[in-house]
1. Scanning for something assigned to a strand (DSSP E or B) and not hydroxyl-bearing (Ser, Thr, Tyr), does the range 242-256 turn up at least one residue?
2. Return yes when residue 130 is touching a residue at least 12 places away in the same chain (Cβ under 8 Å) and over 47 Å from the mean Cα position of the chain (by Cα) and no when it is not.
3. Under the condition of being aliphatic (A, V, I, L, M) and under 28 Å from residue 85 (Cα atoms), which residue from the range 284-331 is farthest from the chain's Cα centre (by Cα)?
4. So if I check each of 272, 212, 231, 256, which one is at pLDDT below 80 and farther than 30 Å from residue 359 by Cα?
Amino acid sequence: MKIKIVKAIIALLVITGISFAGIRIYKNHKKNANPVKVYSIQDSGFVGNYYEYGQSVGGMVVRSESQEIYIQSDQVIASINATVGDAVKAGAVLLSYDTTKDNLSLESASASLGVYESNQTTAQHELDKLKKLTAMPDEPKVADYVKSLDEDTYNALLVATSNDAGYFTDEEYNNIATIKEQYPIYKDYLDKCTSIRASNAAVYGISTAEASKYDYTSTELAKEIRDKEASINGIDLQIDNQDLAIRKKKKAIGDSSVKATLNGIVTSIDTSEENIAAGKPIMVISTDGSYSCQIQVDEYQLETMTVGDAMSVTSYDNGMTYDARVAEISLTPSTDNTNYAEGTSSYYPVTLAIDDSEGLEEGSYVDVQMNSANAGNPDEIVLPLYLTKKENGNYYVLKNKNGKLVKTQIKTGKIYWGSEIVVKDGLEASDAVAFPYSKDAKPGSPCVQGSIDDLQLY
């Protein structure tokens, strides 16, 4: 019996062992069923090649120097003294304006200025007089019956009370006591007012009676002065604005003709209302024989460009290639994106100086490429951004190590074109990395070598 039990236990252990082994084999098989592809850094062209992508941009040939003539929507052209294709000398009159409207406007503005200046003089005289006025004293608080007494009545009352003290009642004696106390105070106030009113009348050259309209308290007088000063400030502003308008109109009349500032050729004339309203030049004079190139680069390309950078320009018309250099970089995005700078990013105008422009024509299209002198370090690793991941502000890749993916942090540099990132440390050219956004790509996953063609799917 014991032997049968032992045999049964052994059989059970064998079956269990086989089951566990089967599960383990199944899991390992499933784990290794979809190995992640990795891509060689060296073989995929990720070394020293950050101008590989986006290095070519279209451009247009323009004359190196030009004079652009603009007018305002309210300006009227009297005559145009040139046609497209004319050769002009510096100093030549290109066009003239009709100044009839400006002259009339100047007369009206000058008349308005005279009115403002007259108002200013009057207001200033009034202010000067206000500042010479003396404020009335504050009225003392006395009984109303005290205010009604004149000096003769007051003196008669004093005589009556001294001759017959028993004639008055107690209430009358109390009123008399109040009068004796308050009337001298009120009389002094009235005397001061009379004196001040006479002084104020002299300021304005009017009678004392008329001067009563200037009976200001100190608070009232201060307010009158402030109000008059504010009025004068307003008039001063009107005068300044009118004077500026007059000077502008005089300048417009004086600049009634536009002269050429350089020797060149009239390359365009457009005096249409639509062109003027759009703020575009109505006439362009360009120098002959010297050309440059204008391109528009996106915000990512701009990061890699500096004045003096070498470029090469290839003409679509004659197939010739010309040496050029970056002469000017605008820091303001273009509002008129040309058809040779396509895309949704912001584009910035860049001017290239062409060393020898013989054979080029104004308005022709060219292909512009960065010279090798501006290429990156030939040993520097530059990965597409999609082969990296960012975590807590740091970049990492999934690198092949002995057939398994290993999470490897990398030290990075600049990002070019918005799509490529320089790897300063953490990778070797001999390493291979995986596309990290694959569902199977995670640390510990098996990996196999892939081709660059597979990577293009991403």
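1. Scanning the range 242-256, I find no residue that is assigned to a strand (DSSP E or B) and not hydroxyl-bearing (Ser, Thr, Tyr), so the answer is no.
2. When the stated conditions are applied, residue 130 passes them.
3. Looking at the filtered set, the residue picked out is 320.
4. 256
The values are calculated or read from the model by the stated rules, or taken from the named source; none is laboratory data. What you see is a predicted model; the values in this text were computed from it and never measured. Glycine gets a Cβ as well: all are built from the backbone with ideal geometry, and neighbour counts include every protein chain shown.
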